[in-house]
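Notes for the one structure printed next.
The values are calculated or read from the model by the stated rules, or taken from the named source; none is laboratory data. Everything quoted here is computed from the prediction, not taken from an experiment. Accessible surface areas use protein heavy atoms only, side chains included; no ligands, DNA or RNA. Shrake-Rupley method; radii C 1.70, N 1.55, O 1.52, S 1.80 Å.
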Amino acid sequence: MTRPATIRKPRARSQARIDSILDAARTLLAAEGVASLSIYSVAERAQIPPSSVYHFFASVPALLEALTADVHAAFRACLQAPIDHSALKDWRDLSRLVEQRMLDIYDHDAAARQLILAQHGLTEVTQADRQHDIELGDLMHKLFDHHFELPKLPRDVDVFALAMELGDRVYARSVQQHGQITPRMAEEGMRVFDAYLGLYLPPYLHKRVMPA
């Protein structure tokens, strides 16, 4: 009987090298955008040989996919952070809270804005972002169900994932026009998010006495 393959974590030295590469890429991405990023510029910034970057990341898209995973890890953390159940009056309070947390991530992370909201035309990154959105949508669905009694939702549409993607389109337009998410466009993005959810969630949802 063969043993199942095990996933080995990078050794401490290798992980430190990976972290330095990703930090360098993040800094360059925030300052210059996706178009100017290269294995050689990342190597120069990290002060390591290009061969060391290639050892961990075979291409720029592979590097950007890793950074996209980091950004979405921050989004997952904001959905999993504690929420005061007693402070929620209706489901829109919850939607505003989680959207504001995500906006805070975008506000403080220029690399996240470049990866998720800027126009870069990299199919691999876009596909990775969409896959992560599906996972985030599932987490958000569970979060809403944790606090409110949800109606039956369609199975052929990821309602919460699509709501996030629609809000992101508004934020993306702001980044493309202004280089940042302006307060006005942040408000519009949250309105789009709420408006789409409102097609499936009634104005009043019964709040659970205790979180599920």
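Summary of values
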item: Heavy-atom SASA rank of TYR200, TYR171 (probe 1.4 Å, accessible area, largest first); result: TYR200, TYR171
item: With every protein chain in place, the chain: carbon and sulfur % of accessible area (1.4 Å); result: 52
item: Span-rule helices in the chain, defined as complete DSSP H runs reaching 20 Å or more along the axis (Cα) with Kyte mean at least -0.5; result: 12-32, 60-80, 159-178, 183-197
item: Two-decimal log10 I(q)/I(0) for the chain, as the Debye equation yields it once each C-alpha is a single scatterer, q = 0.11 Å⁻¹; result: -0.62
item: Solvent-accessible heavy-atom area per residue, rounded to whole Å², over the chain at 1.4 Å; result: 58
item: Gain upon complete extension [MET210, HIS55; 0.36 nm per residue less C-alpha separation]; result: 50.8 nm
item: Viscosity 1.567 mPa s, temperature 4 °C, Stokes-Einstein D of segment 115-212 from Kirkwood C-alpha radius, µm²/s; result: 88
item: Whole-angstrom Cα spans of segment 8-58 along principal axes, big to small; result: 33, 18, 18
item: Theoretical ellipticity at 222 nm over the chain - DSSP helices of four or more residues, -39500 (n - 2.57) apiece, nearest 500; result: -21500 deg cm²/dmol
